[in-house]
1. If you take the accessible area of B alone plus A alone and subtract the pair, what total do you get in square angstrom, rounded to 100, with a 1.4 Å probe?
2. Counting alpha carbon pairs within less than 8 Å and at least 6 residues apart, what relative contact order, in whole percent, applies to segment A:396-531?
3. Rounded, prolate or oblate: which fits segment A:468-523 when a ≥ b ≥ c are the square roots of the eigenvalues of the alpha-carbon gyration tensor, with rounded for a/c under 1.5 and prolate only if a/b beats b/c?
4. Relative to the longest principal axis of chain A, what angle (0 to 90°, nearest 10) does the C-alpha long axis of helix A:484-503 take?
5. Assuming 0.36 nm per residue, please report the length gained on full extension of the stretch B:Ala430 to B:Lys206 beyond their Cα-Cα distance.
6. Sequence-distant or interchain residues sharing an amide H contact under 5 Å with A:Gly414, placed H: which?
7. How big is the protein assembly as shown on each of its three principal axes, counting only the C-alpha atoms and giving the largest first in Å?
8. How big is the convex hull of the Cα atoms of segment A:317-369, per residue, in Å³?
Protein chains: 2
Amino acid sequence: MRLKCALIAITLVSSPVAAADPAAINRIADQAMNHGQVVETAAYLTDRIGGRLTNSPAMREAERWTQAKFKEWGLRNVHLEGFEFGRGWWIESSRVRMTAPRPLALHAIPIAWTPPTDGAITAPVIVAPMTKEDHFTKWRGKLAGKIVLVSLPKDPKDEGEAPFKRLSGGELAEKDEYRQPVYDPSEARDLAKWFRFGRRLDAFLKAEGAIAWARMAQRDNGLVHGEGYSFRTGETPSLPAVELAAEDYRRLTRLAKTGPVTIEIDSKVHFDDSDSKGYNIIAEIPGTDPKAGYVMAGAHIDSWVAADGAADNAAGSAVVMEAARILSAIGVRPKRTIRFALWSGEEQGLFGSYSYVRKHLVTRPAQPDPEIASLGPWGDQTYPITPLPGFRDLVAYFNMDNGSGKLRGIYAEGNFAAVPMLKEWISPLASMGVTSVVAKPTGSTDHIGMAELGLPAFQFIQDPLDYGSRAHHSSLDTFDHLRAQDLRQAATVMASLLLSAADSDKPLPRNVLPTQPSVTRPFDYEDPDKD
Amino acid sequence: MRLKCALIAITLVSSPVAAADPAAINRIADQAMNHGQVVETAAYLTDRIGGRLTNSPAMREAERWTQAKFKEWGLRNVHLEGFEFGRGWWIESSRVRMTAPRPLALHAIPIAWTPPTDGAITAPVIVAPMTKEDHFTKWRGKLAGKIVLVSLPKDPKDEGEAPFKRLSGGELAEKDEYRQPVYDPSEARDLAKWFRFGRRLDAFLKAEGAIAWARMAQRDNGLVHGEGYSFRTGETPSLPAVELAAEDYRRLTRLAKTGPVTIEIDSKVHFDDSDSKGYNIIAEIPGTDPKAGYVMAGAHIDSWVAADGAADNAAGSAVVMEAARILSAIGVRPKRTIRFALWSGEEQGLFGSYSYVRKHLVTRPAQPDPEIASLGPWGDQTYPITPLPGFRDLVAYFNMDNGSGKLRGIYAEGNFAAVPMLKEWISPLASMGVTSVVAKPTGSTDHIGMAELGLPAFQFIQDPLDYGSRAHHSSLDTFDHLRAQDLRQAATVMASLLLSAADSDKPLPRNVLPTQPSVTRPFDYEDPDKD
C-alpha cells in the first residue's frame, strides 16, 4: 500500500495537472488525525449552541462564534454576507400532554414560525385530515374551539432495514451510473402550491375558530421534526401548531374514535425581528496569484430545531472549518485563494448559497410567477443567464451536506471532464475509504446553484450512517449521531482537495453554460385536472 | 394444502392422544379472524388504560375491566387472587429541561417509585458515575445541592441490524438445540446486591445533600424506560430520580466537561397506598369431568410506565383474553376446565405467578437469606418441594410474554416427552406459521415457577418484530408496535392448544420433580474477591 502511494505521488508531481505537494497531504492528515479539532468544533456547534434555525438567536451566536474561530485560526477576510430572509424564531420551552381520557406526556415540537400559545391551552381534539382546499368543506362549522389533527394517521412501518449503514464496495460502485437529470417544471409549482395550501389551511382554521392544530411526524419511533416554511415577515402563521410523534398522534386518533380526547399545548416560543437578514459566513486563505481565481468549500450551518443540527449540518460545517484550520496551521501558500463558506437559510430553500450566486456569479431575469418567486432564488429557473465578472474566478466548489458519514467519493455533477482530475487528487487517500468519482448529478443542497451554471461544483458520496433513517431533520440529530473518525477523515479529504485544486497547474474543466432549461420530456402534456 | 390438512385431521381423530375436534379448530379460526376482538382488547388495555404498573390506579382499572370483559363473554368463576406486594405509584406529569447553558427540553421519565419533586427543582448537575459502594468515597462532600448524574456515559452504538425482524425458517430451526440450563446460585445474590446498592446509593446521595439524581437510558434513539425496584412499603426511595434518554444524558456530560450545566426536574408523581396487595385476574370455562384437572393460559398484564405496555404485555394479555372469548363464543364443553390467568407483579419479579404456585401447587421451605428472600418468591430456590393437593390438577400451562409477534412454535421447556403431542396439536395450523416445538428451556417470565416443578408449562417462540430492539420496557411500547394479524394468529393458536390439551385423552407428560438445584458447575469455586 505504501509503495503504491509513493508511485502515485511521483505520478502526481510529474503530471500536467499536478496536485498539492504529497508531503502537504501528509501534513494535512497529521493535523486532522493527531492535532484535530473537528470533534470539538462539532460539539460546540451542537451541544453548546444547539439547533440553528435561520435568523434565530442560536444562529446569530453561530455567526459570531465561527467568525471568531476563523480569525483565531489565522484566516483572512473573515466577514458576513447578508441576504433578505424574514423572521427569527426560537423555542424557549414546550409541552404537549393528553389530559383526557388519561394524563399522558406526548412527544411533540412546535412547528417552526408558529406563534406561542400564551400559556397552556387545553381543548378537545378533532381528527380532520386535510391535504387540499377541497377538504375544507367537510369540516366547515365543526372546528370551533378545537385542536385540529390535520394528518391522516398512516400505519406504522415494519422497520426491516438496518438504520445505520456504511457503503460496501459494491454499493459504492453502483452509484457510478450517469442518468440525465429530469427537469420537471411542475416541481417548483407543486412546492409553491403546497406552501400556499399551508397558508390557506392556517387561515381556514383561524376563520373556523380552531385554537391550534397538530400534524403527525413522517417517521415512526417517537421522532419529531417541526419543519415550517412561513418565515417571511408579515406571513408567519396565525395559529399555534405542533408536530406529534407518530405513535402519540395515532393514539389520539384511535381514542377519538371511541370518545372525547383533550390535549394541552404549552408552546413558549419567541420571534426575533431584530434583523430580517440571514448571513453567510466567509473566510479565506489568500492565494499568491491574484489572477488565478479561487477555490471554495461550503456547508450550510443553519439547521432545524428538533435537536442540535448535528448530521444536518454541523458535520459539514465543522469539516469545512477544520479544513480551514488545518490548511492555516500547516502554513500553506496556495496559488489560488481558498475560500470557506458557511451558508445560512439552506433549510428553507438554499437562500444563502443562492444569494452568493446572485451577488458574485451571475444575474438571471426576475421570475415572472410571483408564487414561484416566493420560493426564493432557487425557484428562479430563468434565462438567459448573464455571468458577472466573478464568474470566471470560481475554479472549484466542494459542498458537504450528506450527513456525517465519511467521504467515500465525489459526485462530479455532470462534469465528465473533471472526473480524471478529481480521481487523481483523491488517490493518495484511497486507504481512508475515499475511492470513487462519479459523474452523477445530485440535488437538494448548496452546490446546485453553482453546478447548474456549469461551474465545477461538487458534493460528496458519504457513508449514510443513520442520516436518512433517523437523524435528518429529527429530534435525534444530536452529536451522538456523529462519528469522530468519520469527521477527521472528511476534514483530511476536504483540505487535500482544496489544496490540490488551489495549486493545480490547470483549473478544473467547466461544464457548458445552459441557455434554457434542459428538455427531457419533449412529448409530455400537462394534466389539465391537476390543481 | 387443504388436502394435507384434511389428512392430518383424520390422523388426529384416530390418534390415542386425540386433540380437539378439527371442526372446532376451524370454528376457532373463524372466530379469531372474522369475528375477532383481540385488536380492540389490546387497544383498550394500551390506549385507554395505558401503562399498568403493579398496584397503580391504571392496574386497578385493568383488574376491573378485564373481569367485566370475562363476565360479559360468559366466563365462569371470574375473580381476583391477591398477594402481598407494596405501594402503588403513578405519573401525573413530568418534565425535565436543561436551563443552562441554554434552554432545551430533555427526554426523560421519573424512575418508578421515586418521590415527586414537589414543584420544579433546578440545580447544577455533577457527573459522578457510581456502580458500587467503593465509588462513594470519591464523591463524598461534593454532591450537596446537586443533581447527580450517576451513569458512566457509554458510547452510542452503530445500529447495524434491522430493528424489526421475523424469523426465517432457518432461524426457527436453529432454536431447536437443547442445552442444559445453567443453575448459577450467584444470580439471585448478584441481583439482591444490585438492589441493595440502589438503596445505599439513594441513602448516600440523600446524606450528602444531593437533591435528585439521573441515570442514562440503556438504549439509544431517545428511548426511556424508568424501571425501579424499591416498591415495598417503607422502602421506597427518598430522592427524586429520572432516567434520561442516552443522547440527552451524554450531551449533559459533555457540556459538564466545559462549564456549568443546570437542569430542572418537575416530577409530579403520586403514591397510592390504598391497598398493598397485587391481584391476579382468574377466569374459567368449567370442564365436564371434575376429576380431569385443568389446563391454563396466562400472561402478565402489569407493565412498566414509559409507554402503554403494549408488546410487554398487553399483547399476551389480549391473546389470553381473546382465547377465552373465542372458546366461550363457540360454546366448547371441554373435558378439563380451561383457566385463564392475567398475572400482576411480573415486572418486579414474577410475584403474581409465583403467588399462584405457592397458593395452589407446592410449598417450599422459607429462604434463609433475608436479602434473597426480599427478591420475592422467585429467589426461593429452596428444597424439598412439597406438592399441594392442586399439584396433580394442572395438566398444561401456556404462557405468552415474548412480545407481540406471531407464534412460530413452542418451547417445551425441557419436557422432551411432551414434544410429539405438542407438535401434533399445532400441525393443523402450520400454514399460519406455527410449525416448531423445541425442548429448549427459557426463563424470565411466568411459566418458570411451574416449569421448574416439572409441570407441563410452556412459552412460545414468537417473531421478534421490534420487541428487543425498541419496545421492551420502553417509551415506544405502544399499540403501534403491535400487528393485528399476529395477534389474531396467536389467539387462534392459543385457543386451539387449550382445547386440544383440555380434551386430550391422555394428559401431557410431566417432567421429574426436582429434589435439589441442578448442578452444572461441579468444579467451580467462588471468587473470594467478588463482593
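The values are calculated or read from the model by the stated rules, or taken from the named source; none is laboratory data. Only a predicted model underlies this, so the values are computations on that prediction, with no experimental measurement involved. Glycine also receives a Cβ, built like all others from the backbone with ideal geometry; neighbour counts cover every protein chain displayed. Ligands, DNA and RNA are stripped out before the accessible areas are found, and what is left, the full protein with its side chains, is counted by its heavy atoms. Shrake-Rupley method; radii C 1.70, N 1.55, O 1.52, S 1.80 Å.
1. 3700 Å²
2. Worked out over segment A:396-531, it gives 35 percent.
3. Note, shape of segment A:468-523 comes out oblate.
4. It is inclined by approximately 50 degrees.
5. Length gained, B:Ala430 through B:Lys206: 74.9 nm.
6. Correct list: A:Lys440.
7. 103, 74, 58
8. About 79 Å³ per residue, rounded to a whole number.
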